[in-house]
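Student: Got a structure here, written out as structure tokens. Questions coming.
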Amino acid sequence: MLESEKSEKLRKAGMVSANARERGMAMVKEGVKALDVAEEVEGYIVSHGCKLAFPCNISINEIAAHYTPSINDKTVFKTGDLVKIDCGAHLDGFVGDTAGTVEVGTNRFRELIESAKDARDTVMEFIGENCPINEIGAAVDMTISNKGYRPIKNLTGHQIEPYNLHAGLCIPNYDNGDTEKLRKNMVIACEPFATNGVGMVVGGRWGNICRIIRDHPVDDPNLQAFFNDIKDKFKTFPFCARLCDDNMASQKISKLIRHGLVSSYALCVEQNKGYVAQFEHTIYISEKKAEIITLCDGGY
Ligand code: MN
Ligand code: MN
């Protein structure tokens, strides 16, 4: 495939994911169901010619990442909630991964939200070919720390390759001493997380998201057929029961987890129950100055 063809697919996936993110964030209000927001975001991506790179993550307050509403999810946003919307679209494997944070009905977390957003946007000003990855982390840490908050050190951005959401490089949220440089044609997700807690996450309960990790036959033909379907539909990308076209999906996924073919993602929960804000862009390292691909029609 030509480099230009690849970048066109990447750009389309990026813009669709960004528009979906903005739609989702605009819907977050007191009394609205998280499930309705997830379905709107995912519906937007699919109806605009892309596929889901993962289920829409809607993580609230001290939960930093990895929650998606279940099929009958009753979660409703409350005044004072700090809500992260993290969504991804792909076109033939080319991924746009993007996130933003909104607070429901209050202004208590305005500065925390801004610190994560400013950290991301500071990085956008200099990220490009030959940029050492620890300098990205240092800029994130400095921007967040200057506002009196902490970056989450054990959550990172990541390199993205076709059909591989977390490939190769990790992009730190502090100076981890890794001086490896970004190279031309890499795709990178930069995702600062800021908190008023201690700046570390621990694993929580399962947040409904899983991923195929092994391909191996199972005895039950019914389960094998389900496995074949999800392998075909989601490939290596994260998914959840809600996105499977099968009303026994939850039970079947549990069985596949027990068989070791599917792995479940634990929630990432701030260690001190601090509140967490996150912003994320996907960037194409096209030249010295990189191209932000997850800009929406409105340009942010
Ligand atoms: Mn993301
Ligand atoms: Mn990401």
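The values are calculated or read from the model by the stated rules, or taken from the named source; none is laboratory data. This is a predicted model, so every value here is computed, not measured. Please note: Cβ atoms are built from the backbone with ideal geometry, for glycine as well, and neighbour counts cover all protein chains shown. To get the accessible areas, we keep the full protein, side chains included, count just its heavy atoms, and leave off ligands, DNA and RNA. Shrake-Rupley method; radii C 1.70, N 1.55, O 1.52, S 1.80 Å.
Student: If you check Gly203, Gly197, which single one turns out to be part of a loop (DSSP other than H, G, I, E, B) and either more than 18 Å from Asp86 (Cα to Cα) or more than 12 Å from ligand 2 (Cβ to nearest atom) (or both)? Give the derivation first.
Tutor: Numbers: Gly203 fails: part of a loop (DSSP other than H, G, I, E, B).
None of the other options fit; the residue is Gly197.
Student: Among the numbered conditions (1) within 16 Å of ligand 2 (Cβ to nearest atom); (2) under 21 Å from Val83 (Cβ atoms); (3) more than 14 Å from the chain's Cα centre (by Cα), tell me where Asn208 comes up short.
Tutor: (1)
Student: Also, I was wondering about something else. Hey, any hits in region 278-299 for a residue that's open to solvent by 40 Å² or more (accessible area, probe 1.4 Å), within 16 Å of ligand 1 (Cβ to nearest atom) and in a loop (DSSP other than H, G, I, E, B)?
Tutor: Pass one, region 278-299, residues open to solvent by 40 Å² or more (accessible area, probe 1.4 Å): 287-289, 291-292, 295, 297-299.
Applying the additional criterion that residues be within 16 Å of ligand 1 (Cβ to nearest atom) yields 292, 295.
In the following step, the residues that additionally are in a loop (DSSP other than H, G, I, E, B) were identified as 295.
Yes, that holds for at least one residue.
Student: From the set of residues in region 83-111 that are farther than 29 Å from Lys12 by Cα and open to solvent by less than 20 Å² (accessible area, probe 1.4 Å), which is farthest from ligand 2 (Cβ to nearest atom)? Quick ask: steps written out before the conclusion?
Tutor: Quick first cut of region 83-111, residues farther than 29 Å from Lys12 by Cα only: 104-111.
Of the ones still in play, those that are also open to solvent by less than 20 Å² (accessible area, probe 1.4 Å) are 104, 109.
Working: Val104: 23, Phe109: 21 Å.
That would be Val104.
Student: The conditions are (1) in contact with a Leu (Cβ under 7 Å, 6 or more places away or on another chain); (2) of a type outside the set (Gly, Ala, Ser); (3) surrounded by 24 or more Cβ atoms within 10 Å (Cβ to Cβ), and Lys9 fails exactly one of them. Which is it?
Tutor: Condition (3) is where Lys9 drops out.
Student: So which of Pro55, Pro69 ends up being open to solvent by less than 10 Å² (accessible area, probe 1.4 Å), assigned to a strand (DSSP E or B) and farther than 21 Å from Val140 by Cβ? First the steps, then the outcome.
Tutor: On the way: Pro69 fails: assigned to a strand (DSSP E or B).
Matching residue, one of Pro55, Pro69: Pro55.
Student: Take Phe227 and decide whether it is buried (at least 19 other Cβ atoms within 10 Å of the Cβ), away from ligand 1 (no atom under 16 Å from the Cβ) and modelled with pLDDT of 95 or more.
Tutor: Working: buried (at least 19 other Cβ atoms within 10 Å of the Cβ): yes; away from ligand 1 (no atom under 16 Å from the Cβ): yes; modelled with pLDDT of 95 or more: yes.
Spelling it out, Phe227 is indeed buried (at least 19 other Cβ atoms within 10 Å of the Cβ), away from ligand 1 (no atom under 16 Å from the Cβ) and modelled with pLDDT of 95 or more.
Student: Based on this model, can you work out whether Lys181 counts as open to solvent by 50 Å² or more (accessible area, probe 1.4 Å) and touching a strand residue (DSSP E or B) at 6+ places or on another chain (Cβ under 8 Å)? Spell out the reasoning first.
Tutor: Values: open to solvent by 50 Å² or more (accessible area, probe 1.4 Å): yes; touching a strand residue (DSSP E or B) at 6+ places or on another chain (Cβ under 8 Å): yes.
Yes; evaluated as a whole, the condition is true for this residue.
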